[in-house]
Amino acid sequence: MEDKVYTILIAEDDADIVELLKLYLENAKYRVITAEDGVAAYELLERQPADLAIIDIMMPRMNGYELTKKIRSKNNIPIIILSAKNADSDKILGLDLGADDYLTKPFNPLEVVARVNSNLRRFFQLNEPVTEQVEKKVLTVGDLHLHTDTLQLFRGEDEIPVTPTEYKILAMLMEHPGHVYTKVQIYESIKGEYFESDDNTMMVHISKLREKIEEDSKNPRYLKTVRGLGYKMEKL
């Protein structure tokens, strides 16, 4: 990551917040591009590719949820939602649409920089060139098959779409079936740094994964909760 100057898109209609984030991110050696609404942000991305997007929810013309969905339909870059909406339902919606992280206002700009750092680190480690041996690796648990070369998940013959964060959680758990990981261990592995506010975010990711991979998400066969400890991928 050290050799490249990464570009961060900020989609936010509050000029004061934009200037604050721009100051801290540029001080951390990032290049910053900005847009004051969702439509402008999407059009800007078409002209100037970014490595990560920080998106506000309440914006004119196109809100943050719609922008996230539109970006995710054709782009896999990390997306951090920044919003005054702090209800679990808002977080679930944002993460379900493909966001990788969710921060609520008011925020500490240093935490935003830390999350940008960790999301970029994990994303580019995940997508860096791999050896021929790893390219052919398929993680299999029961009917689930996770292809580490194409980053695709299959249940039997059917492909199951997953977000980059969901893929990283599955890769960690499927690599060692039966091993119990705490929420903190999983989050630090896929994001880098753990914050107290991340507890609900991790539970949302696990819940969404169960909806995708389990026939009955209320009685999971694969992704099990170990009470008081964390989660594991069942050996099948």
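The values are calculated or read from the model by the stated rules, or taken from the named source; none is laboratory data. These numbers come from a predicted model, not from an experiment. Positions of Cβ are generated from backbone atoms using ideal geometry, with glycine treated the same way; all protein chains shown enter the neighbour counts.
A few comments on the model shown:
- Breaking point among (1) surrounded by 15 or more Cβ atoms within 10 Å (Cβ to Cβ); (2) modelled with pLDDT under 80, for Glu128: (1)
- Residue within the stretch 211-230 that is in contact with a Gly (Cβ under 9 Å, 6 or more places away or on another chain) and at pLDDT below 85 present: no
- The residue list Thr68, Thr34 contains one member that is in a helix (DSSP H, G or I) and without any contact (Cβ under 8 Å) to a residue 40 or more places away in the chain, which is Thr68.
- Here Val184, Val162 are screened, and the one residue that is within 25 Å of Ser118 (Cβ to Cβ) and surrounded by 14 or more Cβ atoms within 10 Å (Cβ to Cβ) is Val162.
- Residue check for Ala171: within 28 Å of Glu66 (Cα to Cα), modelled with pLDDT of 85 or more, among the small types (Gly, Ala, Ser) and out of contact with any Pro (no Cβ under 7 Å at 6 or more places or on another chain): no
- Matching residues, the stretch 144-178, being in contact with a Lys or Arg (Cβ under 6 Å, 6 or more places away or on another chain), in contact (Cβ under 8 Å) with a residue 40 or more places away in the chain and not hydrophobic (A, V, I, L, M, F, W, C): Pro177, Gly178
- Evaluated against (1) part of a loop (DSSP other than H, G, I, E, B); (2) of a type outside the set (Gly, Ala, Ser); (3) modelled with pLDDT of 90 or more, Lys235 falls short on exactly one condition, (3).
- Remark: Leu151 matches the filter, which requires a residue to be on the phi > 0 side of the Ramachandran plot and at pLDDT 80 or above.
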